[in-house]
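Quick notes on the structure that follows.
Nothing in this text is a laboratory measurement; each read-out follows from the coordinates by a stated rule. All values derive from a computational prediction rather than experimental measurement. Glycine gets a Cβ as well: all are built from the backbone with ideal geometry, and neighbour counts include every protein chain shown.
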Amino acid sequence: MTADDEFQRGLLAGLFRGDGCCTTGGMVLDLVNTELIDQVQLILHRQGIVSRVRQYVNRSGNVTGQVFVPGLPGTNEEFIFDVGKNLHNYIGAKGSSRATYQVVHGRHVYGIRELKRTQEVPEKVYNLHVEGTHTYTIRGTVVHNCFLLRIEDNMESIGRSINSALQLSKRGGGVALLLSNIREHGAPIKNIENQSSGVIPIMKLLEDSFSYANQLGARQGAGAVYLHAHHPDIYRFLDTKRENADEKIRIKTLSLGVVIPDITFELAKKNEDMYLFSPYDVERVYGLPFADISVTEKYYEMVDDARIRKTKIKAREFFQTLAELQFESGYPYIMYEDTVNRANPIEGKITHSNLCSEILQVSTPSVFNEDLTYAQVGKDISCNLGSLNIAKTMDSPDFAQTIEVAIRALTAVSDQTHIWSVPSIEQGNNDSHAIGLGQMNL
C-alpha cells in the first residue's frame, strides 16, 4: 500500500494479466482471497482507477471476490489497454454511466459539491456497511434500499409494476407492492361475470420476478405484498403462506402484509360480522381506488349500498386466522391503517408499508398508456436506510458527530441517486427525500 506508483501499477497489471480477463464493458479479476480483492480496489483507487467489487459463491462452493474495472475513457481505459489481455472482447462503457462524469485532459472527473479544509491528522472513517453483507452498500456503492409501489386495477399498471419491481430488485433494493386495489377473484371483467383471477396470480408473478432479479448477485430479491383486511380475497391471500397449501397457490419467499383499519377491531370487540367489499365496485361508486377510501368512515355506508358487492366473515375468526398464521409462518406483517394516518402530517393517505412495516409515506397512483409508458407519473416511495451499532455509538465520545455524519451520508444518497427506469420512484424521491436511521446490536 505504501509502494510508489510505478510499483503499484505493475502489481495491478500483473494480477489482471494472470487472473483477469476482458469483458465487453471492462476488465474483471476474480480471487478466492476476498480480503485481497478489497486491497486491490484500494490500490486501484490510489491510481485513479474507478472500480467496484462484489462477492459470490463459485461453482466449487467457495466464496469468491470480484473486482470490475469499467471501461471509462481516460485512466480506466489506459489501464485496460496497458494490461492488454483479451482485448478482442472489449467494446467499452455502455449505457448511462458515461453521463455521470466529464472527460478533462483525457481523464474522467466528477463534480465536487464542496471543498472543506481539514487538519492532516488521523481521523475516524464512517461507513454505512454491515461487514460481510451489502445491506447498506453494494461493495462500495451506496444505493436506495427500500421501495414501495402501488398497483392499480388494470393490466397496464400490473405489467408496469412487475417491470418496476424487476428494475428495483436488480439494483439491490427490497420492494413492497400494494394489491388492495386489484379486483377480487370472480369479479367481472368487461361486464362478464366470474372472469377475474384475483390477487394470487399477481403474487406468483412477483415471487418469480424477485427470484429472477436477485440483488446484484449477492442475495435473493426481497419483495412484499400488502392487502386490505376488507378485501374479498383476504383469506385466499393468507392461505398462500400455510405449510399445507397447494403448490399452485403457495407463496414461499414473498412476504405478506395486511392493512387493518380501526373498524375491524370494533367489529371483533362486538363479536359482529365484518363485510368484505369489492374493490371494483367501490372504485366504480366512489371514483377512488379502494385503498384510498377510509373503510372505517365509509364502512356502514358501503354495507348499505346495494351497488357494492360484499361478503361477510366473522371478525373474531379473522383475527384468530391471523394469529394462527403468524405462529405458523411469521406472516403477515400488520399495518394499522387509521393509527398510521392519524399521525400522518401531510396531505394524502398512507396505504401500505415495506418489508419491515416501518416506512409510512403517502403515495399517489400513476396512469399508464397501453404501451406501458406513463400518461401521468404518480408518486411511489423510496427510502434510504442506515443502522448504527448502538452499543459502540453510545460509548463514543462524539455521539452527535456520528449521527450528523450518518444523516448527511443518507441525505447524499437521496440527493445523488436517480432511478430513471421507474419514474414514479424518481418522482417520490425528488418530492420526499426520505431517509431512515435506526440502530442494531441492542
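Dividing the summed -39500 (n - 2.57) terms of all DSSP H runs of n ≥ 4 by the residue count of the chain sets its mean residue ellipticity at 222 nm at -10500 deg cm²/dmol. For the chain, the membrane-span-like helix rule (DSSP H, alpha carbon extent of at least 30 Å along the helix axis, mean Kyte-Doolittle at least -1.0) picks out no helix; this says nothing about an actual membrane. Would you please give the residues with an amide H less than 5 Å from that of Gly436, counting only those at least 5 places away or on a separate chain, with H modeled from the backbone geometry? Amide H to amide H, under 5 Å and 5 or more residues apart or across chains, Gly436 pairs with Asn384, Leu385, Gly386.
Note on region 308-420: Rg/Rh from C-alpha atoms, Kirkwood Rh, equals 1.08.
Normalised by the number of residues in region 146-440, the mean separation of alpha-carbon contacts (under 8 Å, six or more apart) gives a relative contact order of 18 percent. Among His228, His433, the order by Cβ neighbours within 10 angstrom, fewest to most, reads His433, His228.
Put in order of Cβ neighbour count within 10 Å, fewest first, the listed residues Glu35, Glu297, Glu207 become Glu35, Glu297, Glu207. Under 20 Å of direct C-alpha separation, and excluding same-chain neighbours fewer than eight residues apart, Lys204 reaches these aspartates and glutamates: Glu152, Asp153, Glu156, Glu184, Asp233, Asp239, Glu243, Asp246, Glu247. Checking every one of the chymotrypsin sites (Phe, Trp or Tyr not before Pro) in region 344-427 against DSSP loop status and a limit of 13 other Cβ atoms within 10 Å picks out Trp420. Dipole size of region 198-343 about its Cα centre, with +1 on Lys/Arg Cβ and -1 on Asp/Glu Cβ: approximately 280 debye, rounded to the nearest 20. With the cut-off at 20 Å, report for region 143-235 the share of all Cα pairs above it, as a whole percent. The share of Cα pairs beyond 20 Å in region 143-235 comes to 37 percent. A simple charge model with +1 on the Cβ of Lys and Arg, -1 on the Cβ of Asp and Glu and nothing else charged puts the dipole of region 338-442 at about 220 debye relative to its Cα centre. Based on C-alpha pairs under 8 angstrom that are at least 6 apart in sequence, region 192-278 has a relative contact order of 31 percent. For the chain, the Cβ-based charge dipole about the Cα centre amounts to some 660 debye (Lys, Arg positive; Asp, Glu negative; other atoms uncharged). Comparing Val367, Gly436, Asn389 along the charge dipole axis of region 354-441, the residue lying farthest to the positive side is Asn389, per the Cβ-charge model. With neighbours defined as other Cβ atoms within 10 Å of a residue's Cβ, the residues Met274, Met302, Met394 order from fewest to most as Met394, Met302, Met274. For the chain, taking Cα atoms only, Rg and Dmax work out to 25.5, 82 Å respectively. Note on the chain: dipole from Cβ charges, positive end direction compared against His88, Tyr333, Asn354; the farthest Cα belongs to His88. For the pair region 323-373 / region 37-91, the C-alpha centres are spaced 41 Å from each other. Rounded, prolate or oblate: which fits region 243-289, taking a ≥ b ≥ c as square roots of the Cα gyration tensor eigenvalues, rounded meaning a/c under 1.5, else prolate when a/b beats b/c? Since a/c reaches 1.5 but b/c is at least a/b, the shape of region 243-289 is classed as oblate. Note on the chain: dipole from Cβ charges, positive end direction compared against Tyr275, Ala409, Leu166; the farthest Cα belongs to Leu166.
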